[in-house]
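*Asks:* A single structure is presented below for examination.
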Amino acid sequence: MLARVENLRVRFPTPQGWVAAVRGISFTLGREKLGIVGESGSGKSLTARALMRLLPRHAEITANRLEFDGIDLRDTSERAMRAIRGKRVGLILQDPKYALNPVMTAGAQIAEAWAAHAGGGRRAALRVALDLLAQVRIRDPRHVAGLYPHELSGGMGQRVMIAMMLAPDPELLIADEPTSALDATVAAEILRLIEDLVSRRGMALMLISHDLPLVSHVCDRVLVMYAGRVVEEVAAADLTRAQHPYTRGLLGCLPSLAKPKPMLATLARDPAWGEP
Ligand SMILES: Nc1ncnc2c1ncn2[C@@H]1O[C@H](COP(=O)(O)OP(=O)(O)O)[C@@H](O)[C@H]1O
Ligand SMILES: [Mg+2]
């Protein structure tokens, strides 16, 4: 098992008192593709970031269990975390603009990411960078390697980001809304790329999105989050048999060509779903 999370809780101090953002999440993750779905603010990003211990400094985090590959992340030193973060677990975010260094070329950043872990020389690192750019299906790796982040389109930036994350050959890739900032066609390409690389390298994937159909298309299993809790866990193949009204709501909002509805349903919410 790559990750084991039991009763994870994250809360923040506010002038009005503590605000709980993640309220007792449990899941396990093997070498599989796990989706996390839920509306904005439901605690998806915090849950994923807890696994890398990348939470805001003022956040209070507790868990009965928080493990990556048997390592207890609750009391791991910052130094030991750096050997996991970026090396054994890669993180792809929505916007490559904030993750890429604006004053370094794409090629130099990928080369640096590889050299930091593999420790090879400059020439070897550049060769690896070109190979990784080709693996993320960039047609002219040599040209793109010489570009700065502001010279890259959204889709290209995301490909460079993915190449950089693959450089240390991680065991788990966390993709947090990786395509939300992209046009639909580019988003589909990037998603197919992620899916393909994950399968070919035998990595585990945690794919976070508010888009249930998209996630169920890529993943084996989906956790549906609502207000800091997992309200349902379903095998992607069984999604149409989902029980929880919130999950059914997420599905019911979809337009269907086979069975057109006069009007699309709006998503109803029940405060009781967030109760303990
Ligand atoms: N730095 C922070 N300070 C205070 N509250 C935060 C912070 N980050 C997140 N939160 C709270 O946690 C909730 C869940 O955040 P997040 O995990 O980012 O949601 P999601 O990724 O599902 O959109 C947010 O709605 C917000 O109320
Ligand atoms: Mg988020």
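The values are calculated or read from the model by the stated rules, or taken from the named source; none is laboratory data. This one's a predicted model, so the numbers in the text were calculated from it and none came from an experiment. Note that each Cβ is placed from the backbone with ideal geometry, even for glycine, and that neighbours are counted across all protein chains shown.
*Asks:* I'd like to know if the range 123-130 contains one or more residues that are under 22 Å from the mean Cα position of the chain (by Cα) and away from ligand 2 (no atom under 16 Å from the Cβ).
*Replies:* Narrowing the range 123-130 to residues under 22 Å from the mean Cα position of the chain (by Cα): none.
So far as the range 123-130 goes, no, none of its residues is under 22 Å from the mean Cα position of the chain (by Cα) and away from ligand 2 (no atom under 16 Å from the Cβ).
*Asks:* Another one. Which residues, taken from the range 38-53, are aliphatic (A, V, I, L, M) and either within 6 Å of ligand 1 (Cβ to nearest atom) or farther than 18 Å from A3 by Cα (or both)?
*Replies:* Applying the first criterion (aliphatic (A, V, I, L, M)) to the range 38-53 yields 46, 48, 50-52.
Residue satisfying the conditions is L46 alone.
*Asks:* What number goes with the only condition from (1) in contact with a Cys (Cβ under 8 Å, 6 or more places away or on another chain); (2) within 16 Å of ligand 2 (Cβ to nearest atom) that P56 does not pass?
*Replies:* Of everything listed in (1) in contact with a Cys (Cβ under 8 Å, 6 or more places away or on another chain); (2) within 16 Å of ligand 2 (Cβ to nearest atom), P56 misses just condition (1).
*Asks:* Another question, if that's okay. Mind checking which pairs have a first residue in the range 265-276 that is assigned to a loop (DSSP other than H, G, I, E, B) and a second that is modelled with pLDDT of 75 or more and among the aromatic types (F, W, Y), Cβ under 6 Å, 6 or more apart or different chains?
*Replies:* Between residues of the range 265-276 that are assigned to a loop (DSSP other than H, G, I, E, B) and residues that are modelled with pLDDT of 75 or more and among the aromatic types (F, W, Y), there is no close pair.
*Asks:* Please give the number of the condition L93 fails out of (1) within 16 Å of ligand 2 (Cβ to nearest atom); (2) closer than 18 Å to R4 by Cα; (3) of a type in the set (A, V, I, L, M, F, W, C).
*Replies:* Single failed check for L93: (2).
*Asks:* Right, next: I'd like to verify a number: residues in the range 23-42 that are surrounded by fewer than 16 Cβ atoms within 10 Å (Cβ to Cβ) and within 16 Å of ligand 2 (Cβ to nearest atom), how many?
*Replies:* 3
*Asks:* Quick check on the range 66-113: of everything there that is touching a Phe, Trp or Tyr at 6+ places or on another chain (Cβ under 8 Å) and outside any loop (DSSP other than H, G, I, E, B), which residue is farthest from ligand 1 (Cβ to nearest atom)?
*Replies:* So in the range 66-113, the residues touching a Phe, Trp or Tyr at 6+ places or on another chain (Cβ under 8 Å) come out as 84, 88-89, 102-106.
Checking the rest, the ones that are also outside any loop (DSSP other than H, G, I, E, B) come to 84, 89, 106.
Values: I84: 20, V89: 17, A106: 27 Å.
In this case the residue turns out to be A106.
*Asks:* Still on this model: Any idea which of V198, V215 is within 16 Å of ligand 2 (Cβ to nearest atom) and part of a helix (DSSP H, G or I)? Break it down stepwise before answering.
*Replies:* Working: V198 fails: within 16 Å of ligand 2 (Cβ to nearest atom).
The conditions single out V215.
*Asks:* Among A48, A20, which is the only one that is modelled with pLDDT of 95 or more, of a type outside the set (V, I, T) and in a helix (DSSP H, G or I)? Give the steps one after another, and end with the answer.
*Replies:* Values: A20 fails: in a helix (DSSP H, G or I).
Of the residues listed, the single one that is modelled with pLDDT of 95 or more, of a type outside the set (V, I, T) and in a helix (DSSP H, G or I) is A48.
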